[in-house]
Amino acid sequence: MGLFRAEGVVYKPVENVNLGPDSDEFYLQANVKAPRMAGFLVKIFAWFLESRIFGTFLLYILKRNNLIHKLVTNAELKESPVYVPMHPFEELNEQEVKHIDSGLSPSEQVQQAINCLPLPSEKIVNGLKPSFRRWTIMDYYKAYSSGEITPCMIAEQLVTAIHESSSPPMDMAFFINYDAEDILRQAKESTRRYGRGEPISALDGVPIAIKDEIDCSPYPTTGGTKWLHKFRSCKGDACCVMRLRSCGAVIIGKTNMHELGAGTSGINPHYGATRNPYNPGMISGGSSSGSAAVVAAGLCPVALGVDGGGSVRMPAALCGVVGFKPTFGRVPHSGVLPLNWTVGMVGVLAGTIEDAFIVYAAINGPLPSHETSAIPLPKVYFPLLQSTNSVSNVILARYGEWFSDCGDDIRTCCSQALHQLSEKFGWKTVDVTIPDIESMRLAHYLTIGSECTAALSSYLEKLDNAESGWDLRVALCVYGSFSGEEYIKAQKLRSRQMQFHRNIFTKADVIVTPTVGVTAYPIFDDALKTGELDYINGAALVRYQIAGNFLGLPAVTVPVGYDKNGLPIGLQFIGRPWSEPTLIHIAYAMQSLCVSKYRKPQVFYDLLTKD
């Protein structure tokens, strides 16, 4: 293909790049050259890509036209590659935190987190009562402790609600798998514990859903496919699920996801398109689509997802809930499908930042003994949210051109939210430049695609293509086209970006962005049976997500408003490695300014209100 060879970029050495607001670095918008395809069109496209005659040429043209060759494959850069974004722990001297002793059980860590929370009367910051709020973990715990409501009562309502939402005419497609008998069994055990006055923790009896990328008995782990569980059996709970069970949580099933996490819409041709509770005609986002939607719809206060390319934060923002992704290595990955070794991380989707914090407390901690770590275990600090002294002198970094590269409603809403933080708390926003953002997006795409195909290679050799959705078949063709040399170039770009971000964090505590570039868009009928290829909207959805995954940084999204059609908008904060307490503090402050304006979704189940 030398005749068509694209000239590669020659990147400046990191030390010669100006990261200030007066930088001459050019902001390159996503250069996506691929039309939306679904139905018969995506079938034709997949057939051509899978063809030995046409496939190689088509893939070459796709990669060249979408600047992968220019920005990654043929690029020249001197940085050494970094293959795993594992950051050495360093003391950050964060404000209003407390150190958590190592060796505590998950239930003890949950209690430590609850001790950090404000009293209920302190939650209304601006004297405004929320017009709508979701039931929280502490609401469930107090209701159960009073004896007026039991986990069994909630479980019975929940099973009815799941069945209703999964059936016509709703067909919300929240779940891939749930077992009513198993839910009721867990609830009965929890009810007996409360009856004896011996709940394990505040999570006892609280319903929690698990993305079907995470092992969880008694269910198979499908990864959103019709075939993966036939090759890889689920032999028990993932570490994060074991920790939740040890706290008494009621695991209510496996939530729907974009097939193999290889897309951003949440449209799954096998298990249905997960619909957005704020407007069931719109996407929920992916790939942790079901986990975001069940929380938004009130079926549970918290769910687990996996974030490999914004897959927790993106659907959280589209569905109007909190999405929290910790630092790479903070939560054990044991028992999670190994689809993206160096970019994926278990994350939490929740109705409030407090609930995300409680579940984070339960699942974070030292790796299981059979997993080894190349670096010393990081210390754990929790934010003192009940402190009367809010964190002060917070500096937020904002790259103006990147921040503004989104829909008008998103830009306006997020800018207003940022202004509110400044007005209320006196926090300062500084302008910075983050170079090569589009290069980082493509390098991440190349990385996650290469890791996915490598992880699945032994299964894909035996797989009948007809068992996969057409959009996944296209994705696997693209993923399989990446070479070892391209993968190494991508890791050199990872190293480069880690140095840029390290420098920015010497000037600011967090980087602030909109969470996504577009709000939820329509689900079209032609995509229901084949899936869809919509790389333009896909690029807009992941626009602000990549640093959290590719660089292993913690990040959180908080709902801050709605577009003109009533669809949710989220604001994202990206932190230094291991700075979860500061992120939670900032997210809590942001939530306190917005909570009075939160709106009830069109599809919502009020499980705690007695008839």
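The values are calculated or read from the model by the stated rules, or taken from the named source; none is laboratory data. What you see is a predicted model; the values in this text were computed from it and never measured. Cβ sites come from the backbone with ideal geometry, for glycine too, and all protein chains shown count toward neighbours. When the accessible area is computed, the model is the full protein with side chains, heavy atoms only, and any ligands, DNA or RNA have been set aside. Shrake-Rupley method; radii C 1.70, N 1.55, O 1.52, S 1.80 Å.
Remarks
- Cα centre as origin, Lys/Arg/Asp/Glu Cβ charges: the chain dipole, Debye: 180
- Under the simplified labelling scheme, the ILE536-GLU189 pair shows an inter-label distance of 5.1 nm, with each label point 7 Å from Cα along Cα→Cβ.
- Rounded to whole Å, sorted largest first: equivalent-ellipsoid semi-axes of the chain, Cα gyration tensor: 35, 29, 22
- Distant-in-sequence amide H partners of VAL97 (H built 1.01 Å from N, under 5 Å): LEU384
- Annotation: aspartates and glutamates with alpha-carbon distance below 16 angstrom to LYS211 (same-chain offsets under eight excluded): ASP179, ASP237, GLU259, ASP307.
- Simple spin-label estimate for GLU76 and ARG411 in nanometres, 7 Å along Cα-Cβ: 3.6
- A simple spin-label model places pseudo-atoms 7 Å from Cα toward Cβ; at ILE53 and LYS529 they are separated by 2.7 nm.
- For peptides 169-175, 39-45, 262-268, sequence by mean Cβ density within 10 Å, most packed first: 262-268, 169-175, 39-45
- With 0.36 nm allotted per residue and the present C-alpha distance subtracted, the ASN31-SER217 stretch has 62.7 nm of extension available.
- Using a probe of 1.4 Å on the protein chains alone, the accessible area found for THR453 is around 30 Å².
- An ellipsoid equivalent to the range 249-394, defined through the eigenvalues of its Cα gyration tensor, has semi-axes of 26, 21, 13 Å when rounded to whole angstrom and sorted largest first.
- Within the range 329-433, the GluC sites (Glu not before Pro) that combine a DSSP coil assignment with at most 12 other C-beta atoms in a 10 angstrom radius are GLU371.
- Of the peptides 318-331, 402-415, 431-444, the ranking by mean beta-carbon count within 10 Å, highest at the top, reads 318-331, 431-444, 402-415.
- Computed [θ] at 222 nm, deg cm²/dmol, the chain (DSSP H ≥ 4; -39,500 (n - 2.57); rounded to nearest 500): -11000 deg cm²/dmol
- The share of C-alpha pairs in the range 409-526 whose separation exceeds 22 Å stands at 58 percent.
- The string of couplings for the range 258-270 from the Karplus curve (6.51, -1.76, 1.60, θ = phi - 60°) is 4, 3, 6, x, 8, x, 10, 8, x, 8, 10, x, 8 Hz, one whole number per residue in order, with x for Gly and Pro.
- Within a straight-line Cα-Cα reach of under 18 Å, LYS610 can be paired with the following aspartates and glutamates, leaving aside sequence neighbours fewer than 8 residues apart in one chain: ASP139, GLU148, GLU156.
- Interchain or long-range residues, amide H under 5 Å from THR255's placed H: ILE176, ILE210, LYS211, ASP212
- Accessible surface ranking for PHE357, PHE425, 1.4 angstrom probe, highest first: PHE425, PHE357.
- Local charge for LEU418 was computed over the other residues whose Cβ lies under 13 Å away, with Lys and Arg +1 and Asp and Glu -1, and equals +2.
- Taking packing as the residue-averaged number of other Cβ atoms within 10 angstrom, the listed peptides 14-22, 465-473 run from highest to lowest as 465-473, 14-22.
- With 0.36 nm allotted per residue and the present C-alpha distance subtracted, the LYS428-LEU377 stretch has 15.1 nm of extension available.
- Under the Karplus curve 6.51 cos²θ - 1.76 cosθ + 1.60, θ = phi - 60°, whole-Hz ³J(HN,Hα) for the range 595-605, x wherever Gly or Pro sits: 4, 5, 10, 5, 10, 6, x, 4, 10, 8, 10
- Put simply, the Cα atoms of the range 187-276 extend 46, 31, 18 Å along their principal axes, the longest span coming first.
- Of all DSSP bridge pairs formed entirely within the chain, close to 75 percent run antiparallel.
- Nearest-0.05 FRET efficiency for HIS229 and ALA454, computed from C-beta distance (R0 22 Å): 0.65
- Legend: residue pairs LYS33/LYS492; LYS12/LYS428; LYS142/LYS254; LYS98/LYS325; LYS12/LYS492, Cα-Cα distance threshold 23 Å; pairs beyond threshold, LYS33/LYS492; LYS12/LYS428; LYS142/LYS254.
- The calculated FRET efficiency for ASN115 paired with TRP341, based on their beta-carbon distance and R0 = 30 Å, is about 0.25.
- Prolate/oblate/rounded call for the range 527-603, Cα gyration tensor, a/c under 1.5 rounded: oblate
- Hits among aspartates and glutamates - C-alpha to C-alpha of LYS235 under 13 Å, sequence gap 8 or more where chains match: ASP215
- Each pair of Cα atoms in the range 129-263 enters the Kirkwood radius, and Stokes-Einstein at 4 °C and 1.567 mPa s then converts it into a translational diffusion coefficient of 82 µm²/s.
- In terms of its Cα atoms, the range 246-308 spans 34, 25, 20 Å along the principal axes, sorted from long to short.
- Taking max minus min of the alpha-carbon positions on each principal axis, the range 474-540 gives extents of 49, 34, 13 Å, largest first.
- Distance from the Cα centroid of the range 28-94 to that of the range 438-502 is 7 Å (rounded to whole angstrom).
- Compared with the alpha-carbon gap, the fully stretched path from GLU91 to THR160 is longer by 20.0 nm at 0.36 nm per residue.
- Net charge contributed by nearby residues that have their C-beta within less than 13 Å of ASP24 (K/R +1, D/E -1): -2
- Radius 12 Å from Cβ of GLU259, net charge of other residues (Lys, Arg +1; Asp, Glu -1): -3
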